[in-house]
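Quick notes on the structure that follows.
The values are calculated or read from the model by the stated rules, or taken from the named source; none is laboratory data. Note that the structure is predicted; figures quoted are calculated from it, not measured. Because the Cβ atoms are built from the backbone with ideal geometry, glycine has one as well, and the counts that use them run over all protein chains shown. Surface accessibility is based on the protein's heavy atoms, side chains included, excluding ligands, DNA and RNA. Shrake-Rupley method; radii C 1.70, N 1.55, O 1.52, S 1.80 Å.
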Protein chains: 2
Amino acid sequence: MDVPPPACLKSPPNIPHKLLLGPGPSNAAEDVLQAMTSPLLGHLHPEFLKIMDEVKEGIQYVFQTKNKLTFAISGTGHAGMECALVNLLEPGDRLLVVDIGFWANRATDMAERCGATVQRVTEPPGKAVDAATLEKAIESYRPHVVFVVQGESSTGVCQPLEKFGSICHKHGALLVVDTVASLGGAEFYADRLEVDCVYSATQKCLNAPPSLAPISFSERALEKIKKRTKKVQSYYLDAELLGNYWGCFDEPRRYHHTGMISSVYALRAALARLAAEGLDEAVQKHKRNVQLLYIGLDDIGVSPFVQDEKLRLPCLTTVAVPEGIDAKQVCDTLMSQGIEVAGGLGPTVGKLWRIGTFGMNSNEANIKRVVAAMKAALADQKHHI
Amino acid sequence: MDVPPPACLKSPPNIPHKLLLGPGPSNAAEDVLQAMTSPLLGHLHPEFLKIMDEVKEGIQYVFQTKNKLTFAISGTGHAGMECALVNLLEPGDRLLVVDIGFWANRATDMAERCGATVQRVTEPPGKAVDAATLEKAIESYRPHVVFVVQGESSTGVCQPLEKFGSICHKHGALLVVDTVASLGGAEFYADRLEVDCVYSATQKCLNAPPSLAPISFSERALEKIKKRTKKVQSYYLDAELLGNYWGCFDEPRRYHHTGMISSVYALRAALARLAAEGLDEAVQKHKRNVQLLYIGLDDIGVSPFVQDEKLRLPCLTTVAVPEGIDAKQVCDTLMSQGIEVAGGLGPTVGKLWRIGTFGMNSNEANIKRVVAAMKAALADQKHHI
């Protein structure tokens with residue numbers, strides 16, 4: 001052997017239990033983790049194809065869509081974003097990015113790697129873009145595709161989407177919506193909103209491990225894909241090939257890649273949990289519980305970063321860091337107690353804390369615990385000033 | 001709700017236990033599955049970064065490399081192939097594909113999506129390309145990159161790689177090796193063989209669920225990546241960004257994507273198993289046990305498809321279908337007994353069976369069971385002719 005077996009693999013890993021109240025991953029549900037211990041099946045065995053079909057139905061439910069081209073990508077939320085963009089953009093296409101935070105940069109980076117040109121319509125952190133502003137930007141830029149994030153996790157804004165779909169379609173553009181941080185925690189109706197492509201991830205409100213990216217394309221989006229003059233630049237993320245493997249078309253399934261068997265089991269369990277709770281009830285639960293968080297924050301003298309309450313994401317709350325407080329030190333103090341709360345991201349670094357209450361983590365006990373821990377950490381800092 | 005909760009998610013999934021002796025996924029080890037039930041950590045928590053470091057060391061061990069740019073892609077083996085090609089090819093580059101079966105098509109498809117031009121050096125199914133033939137093809141085509149599959153799972157050939165690296169380097173080409181179906185089941189020494197990029201998958205000899213693609217790039221490969229004139233077309237598979245997240249360079253880690261926490265736990269457990277067994281011993285075990293399979297096959301009157309025993313993959317055996325036998329019916333009969341054996345793939349459909357004995361599935365009991373089942377299925381068919 002040129003390279004000896006590593007000594008570090010002789011001992012078990014150190015995996016402490018933490019309460020994950022950052023922007024994700026959230027904690028995974030016990031039955032979702034247990035689902036992954038089921039024996040593996042082959043990626044084209046009929047029993048596994050049936051599970052894929054069931055997962056597909058579950059994804060249609062959480063997206064509220066009847067789109068036939070609905071499946072889960074064998075990759076995380078970022079793979080979902082890349083799948084949306086590589087399939088819907090051809091070199092030279094124009095993409096309009098609704099820029100209300102960090103995720104606009106990611107989408108821009110990916111779109112430019114597709115050879116698209118990108119313009120943005122921007123609002124400052126904590127604000128959202130309104131429909132009239134969007135329409136003006138579309139009229140001036142004439143994009144092929146419009147990209148918007150519903151749950152902007154860097155600012156805690158829940159971007160309203162009413163009329164976005166119809167405005168895009170009036171001007172011949174497709175609408176892509178990122179629901180990674182919002183799905184299951186804020187209202188979303190893909191078909192009603194006329195969304196052409198929506199994707200999400202598994203590690204937020206679904207309380208599953210990060211692994212798959214549920215995605216769905218409208219008929220209008222599929223039409224554009226079919227009319228492409230150039231192959232999709234990624235084989236792994238080619239929506240038509242993936243749609244075939246996921247049985248979305250009336251044709252025999254072909255081997256595209258080896259599906260992530262155990263992760264699909266986990267996603268099925270997570271979707272079953274959400275379906276049993278009910279999507280409406282899940283969203284209402286987040287809205288009810290986040291009110292408790294607002295009250296708790298108010299009690300300890302801090303305020304939500306997003307001033308307009310209607311624009312706040314019910315499953316991820318951003319909190320303005322008071323003057324003179326070291327934001328990172330508060331996070332470190334909480335982490336030492338096994339509670340994760342995160343700082344800002346991109347444009348909001350140092351300006352805010354991010355408290356995620358995703359899915360099963362949205363409950364009174366967690367909220368009381370994190371508020372009490374923050375209260376103590378803040379008092380401790382003030383005491384030392 | 002426009003779309004009601006799916007009724008199919010109300011009952012538990014049907015997941016029968018099967019002995020997976022096809023070309024993969026193989027069965028997963030129980031402790032590897034159990035590792036996935038550990039609580040989630042954040043993708044940038046120090047405890048998780050330590051686990052990533054340990055996984056990285058384990059991957060360096062199984063690849064037998066000291067390459068610093070070594071990590072696991074959050075995607076399956078196909079994502080590994082795509083990562084290798086999108087990072088090492090720029091538009092207009094020439095790729096030479098060693099074509100000894102199905103995988104040459106996949107690599108060609110992906111490379112063309114990168115804007116590269118592809119030529120092949122081909123041998124018929126069951127054969128391998130020798131070093132002199134490769135050198136002649138390189139001299140005539142002058143490729144920037146040479147792609148070769150070590151374990152050609154469509155034919156059962158283990159492609160010899162001696163001198164491939166030095167020949168490539170003599171002519172200024174980089175060498176990419178796919179070890180998806182061979183790693184842990186056939187000798188492989190990345191550094192000794194002068195391999196510039198090697199990738200694999202988790203669901204074969206590692207006995208983990210399909211989810212991650214271990215990958216490693218040499219200094220020479222990294223140099224080419226650094227000199228690219230155009231960004232890598234995939235953000236998700238950008239090796240330099242991934243290398244940063246995996247702590248491969250002396251720089252602070254940045255958030256690239258949300259790592260597949262539970263899958264990384266599983267991979268760590270799988271690598272720990274292999275390190276405890278020892279890579280040499282693992283390979284020798286496959287070689288010893290496959291001899292039992294050859295004897296068993298001979299006893300029931302069928303023969304390996306690959307005639308030159310030195311070219312046979314020790315972990316995946318292809319068997320020629322005797323004249324007059326319905327290959328698919330034999331597979332169906334075995335599957336009805338809970339044993340998976342596969343038919344051909346691509347150029348070998350209908351011509352052979354594929355029997356995978358990957359990792360822990362390489363043992364005398366499994367081999368006896370599959371041989372006995374094939375014997376009965378063949379006798380049954382002959383009886384009905």
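How would you classify region B:29-77 from its alpha-carbon gyration tensor, with a ≥ b ≥ c the square roots of the eigenvalues: rounded for a/c under 1.5, else prolate if a/b is greater than b/c, otherwise oblate? Display every interim value, and only then the final one.
Details: a/c = 1.96, a/b = 1.35, b/c = 1.46.
Because a/c hits 1.5 or more and a/b fails to exceed b/c, region B:29-77 counts as oblate.
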Study note, to complete from the structure: Across B:I325, B:I367, B:I261, the residue with the highest GNM fluctuation in chain B (Cα network, 10 Å cutoff) is B:I325
Review point. All other residues with a Cβ under 14 Å from the Cβ of B:L297 taken together, and with Lys, Arg as +1 and Asp, Glu as -1, what is their net charge?
Key: +2
Review point. For A:K230 and A:H171, what is the calculated FRET efficiency with R₀ set at 25 Å and r taken between the beta-carbons, to the nearest 0.05?
Key: 0.60
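What value, in deg cm²/dmol to 500, does the helix sum -39500 (n - 2.57) over DSSP H runs of n ≥ 4 give at 222 nm once divided by the residues of the protein assembly as shown?
Details: 24 runs with 298 residues, N = 770.
Calculated from helices alone, the mean residue ellipticity at 222 nm is -12000 deg cm²/dmol.
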Point to revise | Charge dipole (debye, nearest 20) of the protein assembly as shown; +1 at Cβ of Lys and Arg, -1 at Cβ of Asp and Glu | key: 420 debye
Study note, to complete from the structure: For chain A, shape from the Cα gyration tensor axes a ≥ b ≥ c, cut at a/c of 1.5 then a/b versus b/c, turns out oblate
Practice item. Take the alpha-carbon positions of region B:85-133, form their convex hull, and give its projected area averaged over all directions (one quarter of the hull surface) in nm². Key: 3.4 nm²
Practice item. Roll a 1.4 Å probe over the protein chains and send me the accessible area per residue for region B:30-275 in Å². Key: 29 Å²
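For region B:30-275, give the share of DSSP beta bridges that are antiparallel, in percent and rounded to the nearest 5; count only bridges with both residues there.
On the way: 10 of 28 bridges.
Roughly 35 percent of the beta bridges in region B:30-275 run antiparallel, per DSSP.
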Review point. Considering every residue in A:228-235, what mean count of other chain Cβ atoms within 10 Å of its Cβ is obtained?
Key: 5
Study note, to complete from the structure: Whole-Hz Karplus couplings 3J(HN,Hα) for region A:291-308, θ = phi - 60° and coefficients 6.51, -1.76, 1.60, Gly and Pro as x, run 4, 4, 5, 4, 5, x, 5, 4, 4, 9, x, 10, 10, x, 6, 7, 6, 7
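Determine the shielding of peptide B:10-22 by partner chains: average, over its residues, the number of Cβ atoms on other chains within 10 angstrom of each Cβ. List each step's numbers first, then the result.
Numbers: counts 3, 2, 5, 14, 6, 11, 5, 4, 6, 1, 5, 0, 4.
Taking all residues of B:10-22 together, the mean is 5.
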Practice item. Determine which aspartates and glutamates satisfy two conditions relative to A:K368: a Cα distance under 15 Å, and not lying fewer than 8 residues away in the same chain. Key: A:D298, A:D299, A:E340
Point to revise | region A:30-275, dipole about Cα centre (Lys/Arg Cβ +1, Asp/Glu Cβ -1), debye to the nearest 20 | key: 460 debye
Check your understanding: Mind ordering A:215-224, A:250-259 by average Cβ neighbours within 10 Å, highest first?
Key -> A:215-224, A:250-259
Review point. GNM, chain B, Cα, under 10 Å: largest mean-square fluctuation among B:R120, B:R273, B:R228?
Key: B:R228
Exercise for review: Note down the nm distance, to one decimal, between modelled labels 7 Å out along Cα→Cβ at A:A7 and at B:A365.
Suggested key: 3.6 nm
Practice item. Multiply the residue separation of B:R142 and B:A376 by 0.36 nm, subtract the distance between their alpha-carbon atoms, and state the gained length in nm to one decimal. Key: 79.0 nm
Check your understanding: Nearest 0.05, what FRET efficiency do B:E309 and A:E281 give at R0 = 51 Å with Cβ-Cβ as r?
Key -> 0.20
Review point. Cross-link partners among aspartates and glutamates for A:K127, C-alpha distance below 13 Å, same-chain residues fewer than 8 apart left out?
Key: A:D99, A:E152, A:D308, A:E309
Check your understanding: How many percent of DSSP beta bridges within the protein assembly as shown run antiparallel, rounded to 5?
Key -> 45 percent
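Can you tell me what the convex hull of the Cα atoms of the protein assembly as shown projects to on average, as an area in nm²? Provide the component values of the computation, followed by the final result.
Working: hull surface 126.7 nm².
Projected over every direction and averaged, the Cα hull of the protein assembly as shown covers 31.7 nm².
Quick check on region B:113-227: take the gyration tensor over C-alpha atoms, sort the square-rooted eigenvalues as a ≥ b ≥ c, and tell me if it's rounded (a/c under 1.5), prolate or oblate.
Details: a/c = 1.69, a/b = 1.24, b/c = 1.36.
Oblate, since a/c reaches 1.5 and b/c is not below a/b.
Enter the mean number of other protein chain beta carbons within 10 Å of the beta carbon of each residue in A:38-50, as an integer.
Values: counts 7, 10, 15, 9, 10, 6, 2, 8, 2, 5, 4, 0, 3.
Neighbouring Cβ atoms belonging to other protein chains average 6 per residue here.
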**Study point:** Euclidean distance of C-alpha centroids, region A:1-57 and region B:1-49, integer Å
**Key:** 5 Å
Revision key, fill the gap. Calc'd 3J(HN,Hα), region B:126-143, phi into Karplus 6.51 cos²θ - 1.76 cosθ + 1.60 (θ = phi - 60°), Hz, glycine/Pro = x, comes to x, 10, 10, 8, 8, 4, 5, 5, 4, 4, 4, 5, 5, 4, 7, 9, 6, x
Exercise for review: Please name whichever of A:N244, A:G115, A:T155 sits farthest to the positive end of the charge dipole of region A:30-275, dipole taken about the Cα centre and charges placed at Cβ: Lys and Arg +1, Asp and Glu -1.
Suggested key: A:G115
Exercise for review: Quick one: check the C-alpha center-to-center distance for region B:193-241 versus region B:97-137, whole angstrom.
Suggested key: 19 Å
Practice item. Using a 10 angstrom cutoff on alpha carbons, build the Gaussian network for chain B and name the most mobile of B:G247, B:G301, B:G101. Key: B:G301
Point to revise | Label-point gap, in nm, between B:D250 and B:D130 - each point 7 angstrom along Cα→Cβ | key: 4.7 nm
